[in-house]
1. Please find, within region 111-120, the residue that is modelled with the lowest pLDDT out of those that are open to solvent by less than 50 Å² (accessible area, probe 1.4 Å) and closer than 17 Å to residue 75 by Cβ.
2. Examine region 19-36 for a residue that is more than 19 Å from residue 193 (Cα to Cα) and not hydrophobic (A, V, I, L, M, F, W, C), and state whether such a residue exists.
3. What single numbered condition from (1) open to solvent by less than 20 Å² (accessible area, probe 1.4 Å); (2) modelled with pLDDT of 90 or more; (3) more than 16 Å from the chain's Cα centre (by Cα) fails to hold for residue 18?
Amino acid sequence: MIEQSQLIYFIAASAALTFLPGPDILFVLTQSISQGKIAGIATATGLCTGILVHTSAAAFGISALIYKSALAFEIVKYAGAAYLLYLAWQALRESGELVSSAPIRERNSFALYRRGIFMNVLNPKVALFFLAFLPQFVNTGAGRVPMQMIFLGIVFLVQAWVIFSVISVFAGAIGEKIVQRRGIGKYISWGKASIFTVIGVKLALSHK
């Protein structure tokens, strides 16, 4: 359905966009440094699962409805901002002990996976991004446009997961060195809280 050259161009553009500093990559970095590479990969997997939701929404017109409805956009936007501020509060409540040197427990891994999904899905700006980005690479002459968009969304998901996972490994290694310093844990918690707060406020103040 999609020409090979167009697909290669799409992957290159997607990788470039994934590497750009943004909420997702900052989220993966902070979790990897503070809790280890497994935590980062779990978070990345959750974020990428959220891409499936946005891709499906864009393919079947749901994102367009959110864009056209000012109320729907505001509801999703403020829900996402509130969730990020909740994460900031949770970060401040942490004991300040870094756990990057210890294996993360399975239930913590799932919690971070779920957190990644919520953070991604509750950001209407991501929905609008896919609504604007994916159609540029669709071959309208081949038909089955929704299926083409879903396919492109899956390709974007895979490359994003690979990049985020690599970042998690390197950031986790940095975290293992940081954990050796006494008293550094509270500063990491404050740093995470600050990042979540800035992202949350930025989302709350954003417009279509």
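The values are calculated or read from the model by the stated rules, or taken from the named source; none is laboratory data. As the structure is a computational prediction, the values presented were derived from the model and not from experiment. When we count neighbours, we look across all protein chains shown, and the Cβ atoms used for this are built from the backbone with ideal geometry, even at glycine. For the accessible areas, the whole protein counts, side chains as well, though only heavy atoms, and no ligand, DNA or RNA atoms are used. Shrake-Rupley method; radii C 1.70, N 1.55, O 1.52, S 1.80 Å.
1. 119
2. So in region 19-36, the residues more than 19 Å from residue 193 (Cα to Cα) come out as 19-20.
With the extra rule that they be not hydrophobic (A, V, I, L, M, F, W, C), the set shrinks to none.
Among the residues of region 19-36, not one is more than 19 Å from residue 193 (Cα to Cα) and not hydrophobic (A, V, I, L, M, F, W, C), which makes the answer no.
3. Condition not satisfied by residue 18: (3).
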